[in-house]
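Here's the structure, in structure tokens; my notes come after.
Each value in this text was obtained by applying a stated rule to the coordinates, not by laboratory testing. Nothing here was measured: the structure is a model prediction, and the numbers come from that model. When we count neighbours, we look across all protein chains shown, and the Cβ atoms used for this are built from the backbone with ideal geometry, even at glycine.
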């Protein structure tokens, strides 16, 4: 059993209105960053997971995303990295 | 009839609901603690408004795993009536009792105001004491009330007459923006497929006393009494 650090990104599903992202984009435009075409604001979660190997940690995290960490109706998730910790 | 009102950590409309049921409706009510596994013989379960678990992760996402929710889901599966108001609506969606999800208001603002609604269906056990198409006023108070679902789900809700309340313009302000949160198709309240679970963002329990501005919430509770007579 080893400990892995798993990073998960959860973002609003593309196509759904994301008022928070739009507000941030508007603020960036005000600052002069006119090249910002769109912003999506989501969550970044960092988990320390004890598992037999990295694949198991990833698989367990995927199940956590399906059942709790992301809302399947409105959000997409991505397991960004799994590293020994 | 006995109403069971669930108190989650962070619920803040449980006592308003208790007051509406006991003092205004004259029925029996019991407050159910979220850690319990017992509905105490409740005929109707109410998931009240508030900020359960501080809205951590997403509104309702943690509360749906409270022990009492297993009993609430079983009660709903048996056909028992459930009224899910505001944060309760968010919890019911997270728990899969109702389709869709409630997202941050399009304005990004918490909106606390009386709003106009159309009663779209009077066939349900929750709305039989209203007139079809009746315009009513109920208070809302939420930051995450933008009902969202995919087109197929929305079409099914509408096709099956499961959209019971819709945000609507008042006669006086027909041109004003009337949808307070950007909900898809102006949806304010829906039913599950079997018709025994109602989810709605407006607060009927805060509109049962003329002294407080509106009694338009009262027929909702009276409808249940009529249809679920014990």
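Data overview
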quantity: Distance-filtered residues of segment B:22-65 - backbone nitrogen under 16 Å, label point 7 angstrom along residue B:211 Cα→Cβ; calculated: B:22-26
quantity: Mean ellipticity per residue at 222 nm, deg cm²/dmol - from DSSP H runs of n ≥ 4 across the protein assembly as shown, formula -39500 (n - 2.57); calculated: -6000 deg cm²/dmol
quantity: Pairs of alpha carbons in segment B:1-134 whose separation is greater than 20 Å (percent); calculated: 48
quantity: Exercise: per-residue mean of other protein chain Cβ atoms within 10 Å, A:59-68; calculated: 1
quantity: Cα-based helix-to-principal-axis angle, A:54-64 vs chain A, degrees rounded to 10; calculated: 60
quantity: Per-residue average of Cβ from other chains inside 10 Å of B:48-58; calculated: 1
quantity: Segments A:71-78, B:162-169 sorted - mean Cβ within 10 Å per residue, highest first; calculated: B:162-169, A:71-78
quantity: Fraction of beta bridges assigned by DSSP in the protein assembly as shown that are antiparallel (%, nearest 5); calculated: 70
quantity: Antiparallel DSSP beta bridges within chain B, as percent of all bridges there, nearest 5; calculated: 60
quantity: Among B:68-76, A:7-15, B:184-192, the order from most to least packed when residues are scored by Cβ within 10 Å on average; calculated: B:184-192, B:68-76, A:7-15
quantity: Reciprocal of mean inverse Cα separation for chain B (Kirkwood radius, Å); calculated: 17.2
quantity: Computed over the protein assembly as shown, Cα set: Rg, Dmax in Å; calculated: 20.9, 67
quantity: Relative packing of B:203-211, B:47-55, which averages over residues the other C-beta atoms within 10 Å, highest first; calculated: B:47-55, B:203-211
quantity: For segment B:1-120, share of DSSP beta bridges that run antiparallel, in % to the nearest 5; calculated: 10
quantity: Choice from B:130, B:147, B:15 showing the highest fluctuation, given a GNM over chain B with Cα pairs closer than 10 Å; calculated: B:15
quantity: Exercise: per-residue mean of other protein chain Cβ atoms within 10 Å, B:98-104; calculated: 4
quantity: Estimated distance in nm for a label pair at residue A:80 and residue B:123, the labels positioned 7 Å out from Cα along Cα-to-Cβ; calculated: 4.9
quantity: Förster radius 25 Å - calculated FRET efficiency between residue A:66 and residue A:5 (Cβ-Cβ, nearest 0.05); calculated: 0.80
